[in-house]
Structure formats: structure tokens, C-alpha cells
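None of the figures in this text is laboratory data; all of them are computed from the coordinates on show. Here the structure is a predicted model, which is why all the values come from computation and not from measurement. Cβ atoms come from the backbone with ideal geometry, glycine included; neighbour counts cover every protein chain shown.
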Amino acid sequence: MLIALGIAAAVFFVLLFLREGVVRWLAKRAARSPSGFEDLVVSLGRRTQIVVIAVAAVFAGSFYVTLSPRQELILAAAAKVAVFLQIALWASVAIDFWLARQRRRLDHDATSVALAGVLRFVAKLTLWTLLLLMALSNLGVNVTALITGLGIGGVAVALALQNILGDLLASLSIVLDKLVVLGDSITVDTLTGTVESIGLKTTRLRAVSGEQLIFANSDLLKSRIRNWKRLAERRVVLTFGVPYDTPPDVIERIPGMVRALVEAQELTRFERAHLKGFGASSLDFEAVYWILTPEYGIYMDRQQAVNLGLLRAFEREGIDFASAAQALLVTRPQEIPPKTFG
């Protein structure tokens with residue numbers, strides 16, 4: 001008995017010393033090595049549990065002592081649980097390490113950060129489920145019946161939680177398809193805001209008026225989204241009208257005046273300007289030009305400059321803008337002479 005205790009104590013302290021020594025040695029090398037492999041080993045060493053070391057030491061000492069069948073069964077079960085627990089912890093560390101390297105490789109891209117959170121949850125849920133089933137199988141539990149029961153129960157749970165599961169799958173679709181990423185300015189229906197977070201169930205926006213907007217991921221996936229951050233250029237449609245009594249020679253010069261005004265501005269590209277048609281009370285013009293930047297402030301500045309320039313040009317040329325006119329005809333009922341009786 002004393003020999004078994006001595007061996008168990010020796011194995012425990014040797015394994016503990018090796019863990020601490022290897023961790024310290026590799027931690028010093030990791031600071032000078034760019035590969036990152038030493039960092040992974042250091043993380044694995046630090047997540048090696050003392051309980052697992054103790055179980056391994058007791059298991060080694062048990063070979064030098066006579067145990068009853070029940071004691072052997074309990075010790076073997078404890079060793080199996082400890083091994084599977086330690087494997088799960090090491091695998092979790094490996095998943096976190098790999099995801100961290102992917103984020104660094106992508107320079108902390110907003111989409112990769114959101115995707116890493118989703119993948120981390122799914123990977124760890126799958127990992128712990130599989131290891132739990134393997135541990136139960138090694139302990140003699142009928143896993144086949146358990147899996148069947150879990151399958152039936154899973155269908156019932158899926159039906160009960162279909163909205164939550166729908167949001168979870170929608171989050172994966174949003175992130176993988178890069179529908180929106182953190183920092184995007186988007187409009188959903190009539191609501192506009194900047195994407196702050198993409199979670200497993202909801203996506204949160206900061207509205208232009210300051211409040212937070214929260215959308216279920218499934219609802220967001222079904223909506224028509226305008227992504228303003230991915231806008232490269234802004235199209236401006238300028239419409240106006242002039243009175244019908246404006247001379248045709250003046251009418252012919254107006255498209256050229258609009259073109260000159262647009263081309264005089266920086267970051268603009270003229271497309272067209274035409275007499276569009278004959279309105280109810282005016283000759284209607286339509287001009288189209290582009291602002292060569294998505295910045296909203298520059299877009300408004302250039303549009304204002306063109307509008308003011310058009311006002312001044314019309315004032316110099318003596319051209320009037322047409323105003324909406326509506327003719328109202330008022331009729332007076334005809335007087336009916338009174339009837340006479342006689």
C-alpha cells in the first residue's frame with residue numbers, strides 16, 4: 001500500500017513539474033518565435049487540469065495494490081471521465097487558438113470577428129456533444145438509444161424553438177454571405193442606422209437619431225436592405241420647368257447651361273440634360289449627373305452648388321422658373337324667374 005502511494009505521489013509531482021517546466025520554457029521561446037506553435041502548446045499546458053494529473057497518478061499507483069472489482073471499475077470510470085474532460089478542454093483551446101489566428105490573418109476584419117463568434121459557438125457545442133456521447137459509450141451507457149431519444153427530443157425542441165433556430169441560421173447566412181458587416185450604414189425598410197453588432201439571434205443598429213435598433217436576424221434576411229457604405233457614386237436627378245412663353249432659342253441653350261454648371265464642380269460627372277416633355281403648365285427639363293464619392297456631405301454640397309448656380313444663371317438670362325398654376329372656373333347659377341299664378 002505504501003509503495004502504491006509513493007508511486008502515485010511520485011507520478012503526480014513529476015507530471016506537475018513537467019507541466020510547469022514545459023510551460024515556462026515554451027513561454028520564453030514563444031516570445032521570440034513568430035510561428036505561434038509554442039503559444040498553442042503553452043495554452044494546452046496551462047489548461048491541463050491538476051485533477052487529471054491526480055487521476056493519472058492514482059491510476060499508475062493502482063498497479064501496485066490489489067483492488068476489488070468494484071474499486072477497479074470506479075477507478076477506470078474516473079480515468080475515462082478525466083481523459084475525455086481533458087481532451088475537451090484541449091480541443092476548446094485549439095479552436096480558440098485557430099480562430100484567433102484567422103482574425104489576425106484577416107487584420108481583424110469586421111466580418112471575420114462576427115463569423116468567429118458564430119463558429120466558436122457551433123464548434124464548441126458540437127465538440128462537447130460528441131465527447132459526452134463518447135464518454136457515456138465508454139462507461140457502458142446505451143448511446144444508440146440515447147441518440148434516438150435525443151433525435152426525437154431534438155425534433156420536438158426544434159419545432160418549439162424554430163424562431164430561435166431560424167435566427168441562428170440567418171446569422172450564419174448574414175456573416176458568410178457578407179450581407180452586412182460591422183460599421184455598415186444601412187436602411188431597412190424606412191429605418192436607417194449603422195451596424196454595431198451581429199449576434200446569434202439579433203443584429204443591432206445605431207440609428208441616425210441616436211437610438212438603438214434591434215432586428216431579428218431572420219427578419220433582416222427577409223428585408224430589402226440598402227447598404228450605403230458600399231455606395232461608390234451618387235446619382236442626382238435634377239428636374240425643373242420653365243414657362244411656355246419662353247423663346248425656343250433660350251430653351252435650346254438651357255441644357256448647355258446645366259452641363260457647364262455641373263462640369264464646373266469638382267468630383268462630378270455630367271451625364272445628360274434634355275427638354276423632357278410638355279407639362280400641364282410648363283416645359284419640363286430633366287438633367288442627370290453623378291457625384292464621384294459616396295460622402296453624403298460632399299453630395300449635398302455639390303447639389304446645392306449646382307442648384308444655386310442654376311438660379312443665378314436664370315436670373316442673368318432673364319429666364320423664369322415655371323410655377324404650378326391651377327385655373328379655377330367659378331360659375332354663377334342662372335336665376336330662374338318666379339312663377340306667376342293667375
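The calculated FRET efficiency for the pair residue 197 and residue 133, based on their C-beta separation and a Förster distance of 41 Å, comes to about 0.80. Three semi-axes describe the equivalent ellipsoid of the stretch 171-230; taken as square roots of 5 times the Cα gyration tensor eigenvalues and ordered largest first, they are 16, 12, 11 Å.
Between residue 301 and residue 320, the modelled label-to-label distance comes to 3.6 nm, taking each label 7 Å out from Cα in the direction of the beta carbon. What spacing in nm lies between the two simple spin-label points modelled at residue 226 and residue 98, each 7 Å away from Cα in the Cβ direction? Between residue 226 and residue 98, the simple spin-label model gives 4.2 nm. A simple count of charges around residue 322, restricted to other residues whose Cβ falls under 11 Å of its Cβ and scoring Lys, Arg +1 and Asp, Glu -1, yields -3.
Stretched out fully, how many nm does the piece from residue 292 to residue 9 gain, at 0.36 nm a residue minus the Cα gap?
Details: separation 283, 0.36 × 283 = 101.88 nm, distance 7.53 nm.
Between residue 292 and residue 9, full extension yields an extra 94.3 nm.
The slack in the chain from residue 178 to residue 251, taken as 0.36 nm per residue of separation less the alpha-carbon distance, amounts to 21.4 nm.
Counted over the stretch 223-273 with a bin width of 5 Å, the fraction of Cα pairs per bin, in whole percents, is 4, 14, 21, 18, 13, 11, 8, 5, 4, 1. Given the C-alpha centroids of the stretch 205-266 and the stretch 277-323, what is the distance between them in whole angstrom? That distance is 12 Å. Ratio of Rg to Rh for the stretch 234-317: 0.98 [Cα atoms; Kirkwood radius as inverse mean 1/r over pairs]. The residue 308 and residue 212 beta-carbon pair, evaluated with R₀ = 51 Å, returns a calculated FRET efficiency of approximately 0.85.
Between residue 244 and residue 266, the FRET efficiency from the beta-carbon distance, with R0 = 35 Å, is close to 0.45.
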